[in-house]
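Participant: One structure is given below, represented as structure tokens, and several questions about it will come after.
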Amino acid sequence: MKKLKIESGKNVLNALKPSRIILPIVLGLGVAAYFLIRNFDVDQFSFFQWSLISALWIFGAILMMVVRDLGYIIRIKILTDQKLSWRQAFEIIMLWEFSSAVSPSVVGGIAPAIYFLYKEKLSAGQSTAVVLVAIFLDELFFILAIPILLLFFGNTIFPAKDIALLSQLKYYFWLGYGLIFIYTLLLAYAIFINPHAIKSILKWIFKLPLIRKWQEKVCVLSDQLIATSIWYKSKKIDFWFKSFLATVLSWTGRYWVINFIFMAFFMDKIGWAEHFLIYARQLTMWILLLISPTPGGSGLAEFFFRDFLRDFIPNLNWVIPLALLWRLISYYPYLFIGAIILPRWVNRVFKKSKN
């Protein structure tokens, strides 16, 4: 079998230049500033009453992000059959998060993630399969979690009390959920059932005149994807259990950040049952953010935070500052971590390739 030669990755690296962190920062902070200035009131920041307890809960919120990343790191080590070191896994996850943060949510960081794995000496087919399986596990989490939460909370997972607005929200939510469901079924079919069909489709597509020159590369990539698919299908149940458990750990860490922030400033105002409803609201919110055209959902995430979670905040004046604090913990750090790691990673992998 011929070895697939991937392009230098210049397009990928150009798309992830550190300067690209400016747009999502401007969008996110711009929306927050707009809402703050429009109805400015000193009372907006009155919840910031620092104490040892509040500091511990904020530390817990930061720790939840560590749990989130640790879940992803463990999962990618499992999916690559431990071929990656802890350092390699950490850098790939940070770069994957960085690429997702500077790309529209609807696009995500799929292509860069495949490239990062390929440069860590995985084959092109295996790199593609690892990313596709990781996405499949993420989408499977959503598909399974939503019905369970609906069973317990019903329509309260939507913030709207107005019938017309509720109907509109539910429409877009189920549209997003349906697209995720179909996408997950296609991924499962391609990876676990019939990767040969994907090869046939790609061969047919790449017969078109403008892209015919890449047909041979695509055929080799398809062969490697088929070989990796066979390898994944041979894995035992504990492999998939550990991978999915790491996925659940990661998403739960992501969603409990807001719960910990709320506990820091108005612990006595939220019951334990409401914490699970907050978790459910975030799942609903994230379904809508998946189709965001802005980098990392910037701007829209702050807007949705206001609408989806204000029911749990004692003073509505606090909503925007709390949304900003949430993004400062859960989103902006990846922009700067990625901008720091990317040049060092490029230097390491290209130096290794040269040697």
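Participant: Taking the highest mean first, how do the peptides 334-342, 60-68 order by number of other beta carbon atoms within 10 angstrom per residue?
Facilitator: Listed from highest to lowest mean packing, they are 334-342, 60-68.
Participant: Shifting gears a bit: Could you order peptides 122-132, 280-290 by the average number of other Cβ atoms within 10 Å of their residues, highest first?
Facilitator: 122-132, 280-290
Participant: For residue 123, what residues show an amide H to amide H distance below 5 Å, using hydrogens built from the backbone and excluding near sequence neighbours?
Facilitator: Close amide H contacts, sequence-distant or interchain: none at all.
Participant: When the chain is fully extended, how far beyond the present Cα-Cα distance does residue 269 get from residue 66, taking 0.36 nm per residue of separation? Don't skip to the end; give the middle numbers.
Facilitator: Details: separation 203, 0.36 × 203 = 73.08 nm, distance 2.65 nm.
So the chain would gain 70.4 nm between residue 269 and residue 66.
Participant: What whole-number volume per residue, in cubic angstrom, does the convex hull of the C-alpha atoms of the stretch 63-194 give?
Facilitator: Roughly 137 Å³ of hull volume per residue.
Every read-out reported here was derived from the displayed coordinates using simple, explicitly stated rules and does not represent laboratory data. Keep in mind it's a predicted model, so treat the numbers as computed, not measured. Cβ atoms come from the backbone with ideal geometry, glycine included; neighbour counts cover every protein chain shown.
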